[in-house]
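For reference, the structure is listed below as structure tokens.
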Amino acid sequence: MRARRIAVLLLRRLLFMIPILFGVITVTFFVTRLAGGDPAYLIAGAFATPEVIAEIQAQIGTDKSIGQQYVNFLSGAVRLDFGEAIFTGNPVQDDLGARLPATIELVAFSLALGLILGVSSGVFAARRRGRKSDKTVNATSFSLLSLPDFWFGLILLYVFFFKLSWAPPPVGQLSANDPSPTDITGAAVLDSIITANPAALKAAVGHAALPVVTLGVLLAAPISRLTRSSMLEVLQADYMQFGQACGFPKSRLRRYGVRAALPPVVTLAGIIFSILIGGAVLVEVIFSWGGAAQYAATAIIQSDYPAIQAFVFVAGAISVFVFLIVDLLYVLIDPRVKL
């Protein structure tokens, strides 16, 4: 019965994705047009004649009415064909397919590190409320919340690459002279594991270490504060007090308490993951990661309509899937949740 209810939830969420994604790509299409900046002028250059500009507009389709452009865009989006990126000349789906795995890998590892540090420190602080260790955790998390990710990344790069020479150069997932795994997914660490290539795995982990630590440590701060507040609420709940009165072992009560405190943390993790798909751009630029966020930022600067629209569509789809996973985790963590 439980499996059937989960299957119904999956089907309902998948059907709900259709109007959400339609709204996302529609809003994105019109916002990019209203923002102005016809890319034909950027492609043609400052000294182009009106005839050259008109020819370029005809080639990229910006000479048509907004309505016609919208219809053409929707017909292509249904087929997952977003056209060619204006400045790379490649199909947009190919560009994103080559860059998105690197961003997802970076965000996933960073979020995992943030959850490990944040949940453990939050639970630790909640169990020692009012003590010096609790105040230390609170002060540390509050300080980390005020640090910009690009600044923290530059500091780590300066210390561990320029001064200590412990980290590899910030040239992306792998250096030119590093052993490379067979390209299966486009994510260097995952491909190294799939192909059982320890040399490539060592190199990929070395390159990923600093950007992952940059984002992971900073993400641990809000996760820690939320975990602490949620854990304090659980520890003061009547059922926990009743468990203590009944003489349940502290380890069992602690395990139950952590589980009961996790739902809001899972929600925050889903929000963070969705935001970082496009929000990790500064870290990607600093470490030359070559991911989708860096690609999207370049597309915005260059008014590359097809690239912008495709990225927003993909980011929206990922967000919907992430929150579908969050709903399923809710059910697994808390049996009281009704589907």
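The values are calculated or read from the model by the stated rules, or taken from the named source; none is laboratory data. Since the model is a prediction, treat every value here as computed from it, not as a measurement. Reconstructed Cβ throughout: ideal geometry from the backbone, glycine too, with neighbour counts over all protein chains shown. The area values use the complete protein model at the heavy-atom level, side chains included, leaving out ligands, DNA and RNA. Shrake-Rupley method; radii C 1.70, N 1.55, O 1.52, S 1.80 Å.
Observations
- Residue in the stretch 49-58 that is among the hydroxyl-bearing types (Ser, Thr, Tyr) and either touching a Phe, Trp or Tyr at 6+ places or on another chain (Cβ under 8 Å) or assigned to a helix (DSSP H, G or I) (or both) present: no
- All told, ALA139 meets the bar of being hydrophobic (A, V, I, L, M, F, W, C), out of contact with any helix residue (DSSP H, G or I) (no Cβ under 9 Å at 6 or more places or on another chain) and either at pLDDT 90 or above or open to solvent by 50 Å² or more (accessible area, probe 1.4 Å) (or both).
- Checking ALA221, ALA296 one by one, the residue that is touching a residue at least 24 places away in the same chain (Cβ under 8 Å) and either not acidic (Asp, Glu) or not in a loop (DSSP other than H, G, I, E, B) (or both) is ALA221 and no other.
- Scanning the stretch 177-199 for residues being assigned to a helix (DSSP H, G or I), farther than 17 Å from TRP289 by Cβ and touching a helix residue (DSSP H, G or I) at 6+ places or on another chain (Cβ under 7 Å) gives a total of 1.
- Top-ranked residue of the stretch 77-87 - restricted to ones that are under 15 Å from ILE43 (Cβ atoms) and hydrophobic (A, V, I, L, M, F, W, C), ranked as least open to solvent (accessible area, probe 1.4 Å): ALA85
- Of all residues assigned to the stretch 284-294, none qualifies as being among the hydrophobic types (A, V, I, L, M, F, W, C) and at pLDDT below 85.
- Here LEU268 qualifies as at pLDDT 90 or above and among the hydrophobic types (A, V, I, L, M, F, W, C).
- A residue that is charged (D, E, K, R) and either touching a residue at least 40 places away in the same chain (Cβ under 8 Å) or surrounded by 15 or more Cβ atoms within 10 Å (Cβ to Cβ) (or both) cannot be found anywhere in the stretch 162-174.
- All positions within the stretch 268-284 that are open to solvent by 20 Å² or more (accessible area, probe 1.4 Å), in contact (Cβ under 8 Å) with a residue 60 or more places away in the chain and more than 10 Å from the chain's Cα centre (by Cα): LEU282
- All positions within the stretch 95-139 that are in contact (Cβ under 8 Å) with a residue 24 or more places away in the chain and at positive phi: none
- Candidate set: the stretch 233-252, residues that are of a type in the set (Gly, Ala, Ser) and closer than 25 Å to VAL331 by Cα; chosen: the one least open to solvent (accessible area, probe 1.4 Å): GLY243
- Meets criteria (in a helix (DSSP H, G or I), in contact (Cβ under 8 Å) with a residue 60 or more places away in the chain and closer than 23 Å to PHE311 by Cβ) for LEU74: no
- Restricting the stretch 325-339 to residues that are modelled with pLDDT under 75 and not hydrophobic (A, V, I, L, M, F, W, C) leaves a set whose member that is surrounded by the fewest Cβ atoms within 10 Å (Cβ to Cβ) is LYS338.
- Among residues of the stretch 88-112 being of a type in the set (A, V, I, L, M, F, W, C) and open to solvent by 50 Å² or more (accessible area, probe 1.4 Å), the one that is nearest to ALA204 (Cα to Cα) is PHE109.
- Tally, over the stretch 143-161, of residues that are open to solvent by less than 50 Å² (accessible area, probe 1.4 Å) and touching a residue at least 60 places away in the same chain (Cβ under 8 Å): 5
- Candidates THR88, THR136, THR140: the one that is outside any helix (DSSP H, G or I) and over 26 Å from SER319 (Cα atoms) is THR88.
- Screening PHE152, PHE109, PHE160 for residues that are more than 30 Å from SER230 (Cβ to Cβ) and at pLDDT 90 or above leaves exactly one candidate, PHE160.
- Test for ARG255: is it open to solvent by 90 Å² or more (accessible area, probe 1.4 Å), more than 16 Å from the chain's Cα centre (by Cα), within 30 Å of VAL320 (Cβ to Cβ) and not small (Gly, Ala, Ser): no
The rows are residues; the columns are (1) modelled with pLDDT under 80; (2) not β-branched (Val, Ile, Thr).
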{"residue": "ALA3", "(1), (2)": "yes, yes"}
{"residue": "ILE6", "(1), (2)": "yes, no"}
{"residue": "ILE18", "(1), (2)": "no, no"}
{"residue": "GLU51", "(1), (2)": "no, yes"}
